[in-house]
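The block underneath contains the structure these notes are about, expressed in structure tokens.
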Amino acid sequence: MPPTAHSNSRIEALDLLRLAAVLAVVLYHFGFWGPASHGIPQVALPWLTPVAKYGYLGVPAFFVISGFVIAYSAEGRTATGFAIARFSRIYPTFVFCMTLTCLAIVALGPPHFESGFRQWLANLFIAAPALGQPYMDTSYWSLVIEVMFYAWVAALIAAGLFPRRIDAIILVWLGITFANELTLDAPLLEKLFLTDDSGFFVVGLLIYQFYRGRRGPVLYGMFALSIGTAVFQSIHKTVKLAPLTGGTFDAWTVAAICLASIAIIFVATRIRHVPLPSALVLAAGGLTYPLYLLHMQFGYVLFTRQAPANPVPSVAAIILATTFLAWVVWRYVERPAQRSVRDFLSGRASRFGWRLKLPAAVGGSV
């Protein structure tokens, strides 16, 4: 494809889909996962379990959106510019929300939950288990996957391969995925090449190809292959979830939700404007990241502290409270912190003569 410039406007429908995906995850954690992972039966809303147990598919939907967004935001940037943009986007908010969660656990968590300085310090590196400490919130596992994806994209940009050799990158990545998932089953390859989640990222990358106007049998074939991989991986995850949760998952339902999510995300990238106030849509998309970081462990601590006889009003109040808190974090912490960190790192890069954008190219953001 010839290089093209795009505007800095957001794809508004994706903001709404981000919110829908995080609400699915919230439903999963409060309607199903709580008792399975923490032995806290009060967290469960048993009447929601048949639906809530499929909420984990909100995370793969995030990965699809991430594949699209990363391809979009990487365009026109050098590896340095891309790394600064991603770091400033995710890390300051992560540190703030992780610290809030730690303080809540220390102050309100015992005897059900405990935390301390060592755990907080290890979580500053995001992949806390690699340093012998548990995640402050087990939801952070998906953030590790995201960061690994960003690292690969940055490395491929630096090598001059992304997005110029996108087809080869995708085919090699899917080849490694099939080799590991079907034969090798090597944990190192799984973590290094994200072979449990690669199909979702690839779907997002290819949706961006459609977004830019590319067509043809090669693209259609790779798109079909990536969708098949994503469906396989979404079903395969239930094999791991079942013994952990004691739940049962219908493979046809999982496949249907996965396909519907991909179709909706694809259609969303074709919608230029949604009939809602732009500020409302922007806030809906903006609060999803802090809400994802805060809702589970922070919410569990609040819930167990109350120990209500009727869990429904308490769960509803906690979800509303954490949603409002997420909006506050986005509005008054994330946005200024992101600008400050980005400007600081960009200034340091300029002092070393590191370019942030490619010549004669204009980057964008989603």
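The values are calculated or read from the model by the stated rules, or taken from the named source; none is laboratory data. Predicted, not measured: the structure shown is a model, and the values here were computed from it. Cβ: placed from backbone, ideal geometry, glycine included. Neighbour counts: every protein chain shown. Accessible surface is based on the protein model in full, side chains and every heavy atom, while ligands, DNA and RNA are left aside. Shrake-Rupley method; radii C 1.70, N 1.55, O 1.52, S 1.80 Å.
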*Residues in segment 107-126 that are without any contact (Cβ under 8 Å) to a residue 24 or more places away in the chain and crowded, with 17+ Cβ neighbours inside 10 Å: how many?*
4
*Out of (1) within 18 Å of PHE68 (Cα to Cα); (2) surrounded by fewer than 18 Cβ atoms within 10 Å (Cβ to Cβ); (3) without any contact (Cβ under 8 Å) to a residue 60 or more places away in the chain, what's the single condition that is false for LEU156?*
(2)
*What number of residues within segment 144-198 satisfy the criterion of being among the charged types (D, E, K, R) and in a helix (DSSP H, G or I)?*
5
*Within segment 348-357, can one find any residue that is under 19 Å from the mean Cα position of the chain (by Cα) and in contact (Cβ under 8 Å) with a residue 24 or more places away in the chain?*
no
*Of all residues in segment 108-129, how many are modelled with pLDDT of 95 or more and not in a loop (DSSP other than H, G, I, E, B)?*
9
*Among residues belonging to segment 295-322 that are open to solvent by less than 40 Å² (accessible area, probe 1.4 Å) and β-branched (Val, Ile, Thr), point out the one that is nearest to PHE87 (Cα to Cα).*
THR322
*asked:* Yes or no: segment 293-307 includes at least one residue that is assigned to a helix (DSSP H, G or I), of a type in the set (A, V, I, L, M, F, W, C), at pLDDT 95 or above and within 17 Å of the chain's Cα centre (by Cα).
replied: yes
*Residue ID - nearest to GLY34 (Cα to Cα), chosen from residues in segment 277-303 that are aliphatic (A, V, I, L, M) and without any contact (Cβ under 8 Å) to a residue 60 or more places away in the chain*: ALA283
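To keep it simple, each residue is scored yes or no on (1) out of contact with any Phe, Trp or Tyr (no Cβ under 8 Å at 6 or more places or on another chain); (2) basic (Lys, Arg); (3) more than 18 Å from ALA155 (Cα to Cα); (4) surrounded by 22 or more Cβ atoms within 10 Å (Cβ to Cβ).
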{"position": "PRO50", "(1), (2), (3), (4)": "yes, no, yes, no"}
{"position": "PHE63", "(1), (2), (3), (4)": "no, no, yes, yes"}
{"position": "SER73", "(1), (2), (3), (4)": "no, no, no, no"}
{"position": "ALA79", "(1), (2), (3), (4)": "yes, no, no, no"}
{"position": "ILE90", "(1), (2), (3), (4)": "no, no, yes, no"}
{"position": "THR99", "(1), (2), (3), (4)": "no, no, yes, no"}
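What are the residues in segment 130-141 that are assigned to a loop (DSSP other than H, G, I, E, B) and either open to solvent by 30 Å² or more (accessible area, probe 1.4 Å) or in contact with a His (Cβ under 8 Å, 6 or more places away or on another chain) (or both), if any?
GLY132, GLN133, PRO134, TYR135
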*Filter segment 212-244 for residues that are in a helix (DSSP H, G or I), within 22 Å of ARG165 (Cα to Cα) and open to solvent by 60 Å² or more (accessible area, probe 1.4 Å) and give the result.*
PRO217, VAL218, TYR220, ALA224, LEU225
